[in-house]
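Derivation of every value follows stated rules applied to the coordinates shown; laboratory data play no part. Small disclaimer: the values here were computed from a predicted structure and weren't measured. Cβ: placed from backbone, ideal geometry, glycine included. Neighbour counts: every protein chain shown.
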Amino acid sequence: MTTVSMKIGGMTCGHCVASVKKALETVQGAVVEEIAVGSAQVRYDEGATSVGALSQAVEDEGYTILFTH
Ligand SMILES: [Cu+2]
């Protein structure tokens, strides 16, 4: 398992937090460890998913990945 921190644009409120959390949790192999307005920390199985797939799930909800590390 690996952890990635994401800075996310477009999140403004608790609804956004819930939407991003749900989007990340639907990615197989991903566990949301921390989430707040503008950021998320996700632990994930490298054999099941990738930072690219996690980022795509967030962007599909209408938010922007500013950077990951
Ligand atoms: Cu919101």
Which residues qualify? For Glu33, with a placed amide H closer than 5 Å and at least 5 residues away or on another chain, they are Gln41, Val42, Arg43
Checking the range 9-69 for GluC sites (Glu not before Pro) in a loop per DSSP with at most 12 other beta-carbon atoms within 10 Å yields Glu46
As I understand it, the value is the acute angle between the Cα axis of helix 14-25 and the longest principal axis of the Cα atoms of the chain; what does it come to in degrees, rounded to 10? 20 degrees
Fully extended, how many nm does the chain gain between Thr64 and Val31 (0.36 nm per residue separation, minus their Cα-Cα distance)? 9.9 nm
Measure nothing fancy, just the Cα-based angle from helix 51-60's long axis to the longest principal axis of the chain, in degrees from 0 to 90, nearest 10. 30 degrees
